[in-house]
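One structure is given here, and the rest of the page talks about it.
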Amino acid sequence: MKYGELNLGQIEAVVNKLGGMEGALSFLRDELVVSRRTDDVFPTTVNYNLSVSDLVKAGEYNWSNSDITEKNFRSEENGTQSVELRLVHFNRVISSEDALKELDRMGLRPATLKELLTFGSTYKEEQRKHPIVALGSVSRDWRGRRFVADLLEVAGDRHLNLDGLESDWREHCRFAAVRK
């Protein structure tokens, strides 16, 4: 049955089934968020035993932030695992906090640095299409400011960068994530 063909009684039944008007409005909000959001899935095999410096080298970036090191991004991950890395696009300016909440609501967790670096070395051209952010590994500078890694293109070059976690992300950014 198409929504355009619903009569008033049927609409009322749907609203009641969704928990009343508040439930119906919540459902519609969620549907609008999903319809504005797009994501792509990339099968990725991550070797968590590799060092950050080895993963940066494998990415063959034209430039990488020198603060992306094992010392600044400690990891308890080990072994090798196949993951479906998703690039989630919210299609709006969004804070890191809101992006994390949305990913959680979707049953996703943010990708770690090692997952982002493996993605960057496997799918080298993706960052030329849009910036890709990994909110799952955070470093702090000497002032206590928090930073996360992102992949992007600058003047035709592939960059591995750090950006502030407290910043808002532009609408063209993608967020690397995997299923919980």
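None of the figures in this text is laboratory data; all of them are computed from the coordinates on show. Treat the numbers as computed from the prediction; the structure is a model and nothing was measured. Positions of Cβ are generated from backbone atoms using ideal geometry, with glycine treated the same way; all protein chains shown enter the neighbour counts.
Tabulated results
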quantity	calculated
Karplus-derived HN-Hα couplings along region 59-64 (A = 6.51, B = -1.76, C = 1.60, θ = phi - 60°), whole Hz, x at Gly and Pro	x, 6, 6, 5, 8, 9
Nonlocal Lys pairs with alpha-carbon distance under 22 Å, region 76-180 (8 or more apart, or different chains)	5
Under 12 Å, Cβ to Cβ, from Thr45 - net charge with Lys/Arg +1 and Asp/Glu -1	-1
For Glu171, distant residues with modelled amide H under 5 Å away	Val93
Size of charge dipole - region 44-87 - debye, nearest 20, with Cβ of Lys, Arg +1 and Asp, Glu -1, no other charges	40
